[in-house]
Amino acid sequence: MSAIHCIVCNGSSLEHLSTAVGERAYCRDCFHGWRTSIKPFSYAATAMCSLGTSDDRLRAQIAFFAPFAPASARILEIGCATGELAAMVRAEQQPASYEAIELSPAGAQAAAHLDHLHTRPLGELIAAKTITPGFDMILMSHVLEHLEDPAAELRAMKQVLSPNGAMFIEVPNLAGHRKLPIDDNRSHLHFFSSTSLARLLAKEGLEVVAAATDAWLDARYADSLRVVARPFAVPHWQPGLLSDHPALAGEEAIVVWGAGSLTDEMLANFFDPARIDFFIDRDPAKQGTTLLGRPVKAPEELGTTSRTVLLNSIDFAPAIAANVQALYPDIAHRLVPIADLLG
């Protein structure tokens, strides 16, 4: 008999456990749990009920993934049950299209809320070219734990994502309830921890960009884990990311007050130096030097003509503002904290 390895991390340091429903294993390396003896569960013969579909819960889910869905998104939901999430997303987010997969008879009730209902697994739909790639958001709530091969499903999901697409996944967190040591739902084949879910996603080239626990499904699953993930990409940005902020619009020559660490850590990366007239700093050792090719001057050289002044500090912005107002009580210099450019 071949050795059993963890499906998430391929670890072999396992603990085995017997429960009322069957045998399972837990990985000591990534803390994933799974059933080692699988009994078939007929979804085609069981109408999946619409658990956890109160308006408050659905709005909480939407609020979690909406920042990652573009306007007029093309959405695919896997395991839509009776379609309550689809109905609310369409009413509140107005996506360009909303397709869903539901293998159980519940899909018949969901169809009224969908542009298209699919009744076969995603892998089969891709193989048959029944579903086309390019979804901006894929939603999967309390489905991944039911699948015998969750990694294969993630690969299929990634295959139909748009280049900038993202996926929302929610599963029971460990036992799904902080007062219970295990989840013995016989249709659940995998028992995710925050560690194991993140590692499984990373294994498939997917980066977690948002995560939360204690998401409520119902009294039994009061602690769910939800994430938004998207294909990993090396970071890239435009050099004027901060200097193009609307708060600085129309200002061609900005004075930057503060020649500290944020100059290298933020301005050098995200601020067009052509927009900077000069720096000001109270430290005499910095005065007369240059930063980003611009001179560093003393506070007294700000002048009596009204200027836009970028307060180049997070912690000391109020103190800098007080300094400017004390030196120039009668001049209406426009003060812009750098924190405002991050809002």
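The values are calculated or read from the model by the stated rules, or taken from the named source; none is laboratory data. Owing to the predicted nature of the structure, the values given are computational and were not obtained by experimental measurement. Here the Cβ is made from the backbone with ideal geometry for all residues, glycine too, and neighbour counts use every protein chain on show.
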Quiz item: Residues in region 213-221: is at least one free of Cβ contacts under 8 Å to residues at least 60 places away in the same chain, within 25 Å of Glu23 (Cα to Cα) and buried (at least 19 other Cβ atoms within 10 Å of the Cβ)?
Solution: no
Quiz item: How many residues does region 79-95 contain that are of a type in the set (A, V, I, L, M) and under 21 Å from the mean Cα position of the chain (by Cα)?
Solution: 4
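For every residue, the table says whether it meets (1) β-branched (Val, Ile, Thr); (2) closer than 20 Å to Glu153 by Cα; (3) at pLDDT 95 or above; (4) over 18 Å from the mean Cα position of the chain (by Cα).
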position: Ser193; (1), (2), (3), (4): no, yes, yes, no
position: Leu206; (1), (2), (3), (4): no, yes, yes, no
position: Asp214; (1), (2), (3), (4): no, no, yes, no
position: Asp218; (1), (2), (3), (4): no, no, no, yes
Quiz prompt | Criterion violated by Ala253 - all others in (1) assigned by TED's automatic domain parsing to the domain that holds Arg57; (2) in contact with a strand residue (DSSP E or B) (Cβ under 9 Å, 6 or more places away or on another chain) satisfied | solution = (1)
Quiz item: Just one of the numbered conditions (1) more than 30 Å from Leu267 (Cα to Cα); (2) over 22 Å from the mean Cα position of the chain (by Cα); (3) part of a strand (DSSP E or B); (4) of a type outside the set (Gly, Ala, Ser) is not true of Arg186; which one?
Solution: (3)
Quiz item: Would a scan of region 114-136 turn up a residue that is part of a strand (DSSP E or B) and small (Gly, Ala, Ser)?
Solution: no
Quiz item: Restricting attention to region 226-237, does a residue exist that is surrounded by 14 or more Cβ atoms within 10 Å (Cβ to Cβ), touching a residue at least 60 places away in the same chain (Cβ under 8 Å), in a strand (DSSP E or B) and more than 18 Å from the chain's Cα centre (by Cα)?
Solution: no
Self-check item: Within region 80-105, tally of residues that are in a helix (DSSP H, G or I) and touching a His at 6+ places or on another chain (Cβ under 6 Å)
Solution: 2
Exercise. Take the residues in region 325-339 that are surrounded by 15 or more Cβ atoms within 10 Å (Cβ to Cβ) and within 19 Å of Glu251 (Cα to Cα), then tell me which one is nearest to the chain's Cα centre (by Cα).
Key: Ile338
Practice problem: Go through Leu197, Leu139, Leu201 for me and flag whichever is at pLDDT 95 or above, part of a strand (DSSP E or B) and assigned by TED's automatic domain parsing to the domain that holds Ser54. | Solution: Leu139
Exercise. Can you work out which of the residues in region 283-310 that are under 41 Å from the mean Cα position of the chain (by Cα), within 22 Å of Asp340 (Cβ to Cβ) and not hydroxyl-bearing (Ser, Thr, Tyr) is surrounded by the most Cβ atoms within 10 Å (Cβ to Cβ)?
Key: Leu310
Quiz item: Would you pick out the residues in region 258-278 that are surrounded by 16 or more Cβ atoms within 10 Å (Cβ to Cβ) and among the hydrophobic types (A, V, I, L, M, F, W, C)?
Solution: Ala259, Leu262, Met266, Leu267, Phe270, Phe271, Ile276, Phe278
Self-check item: Residue match in region 22-33 (condition: in contact with a Leu (Cβ under 8 Å, 6 or more places away or on another chain), at negative phi and modelled with pLDDT under 90)
Solution: no
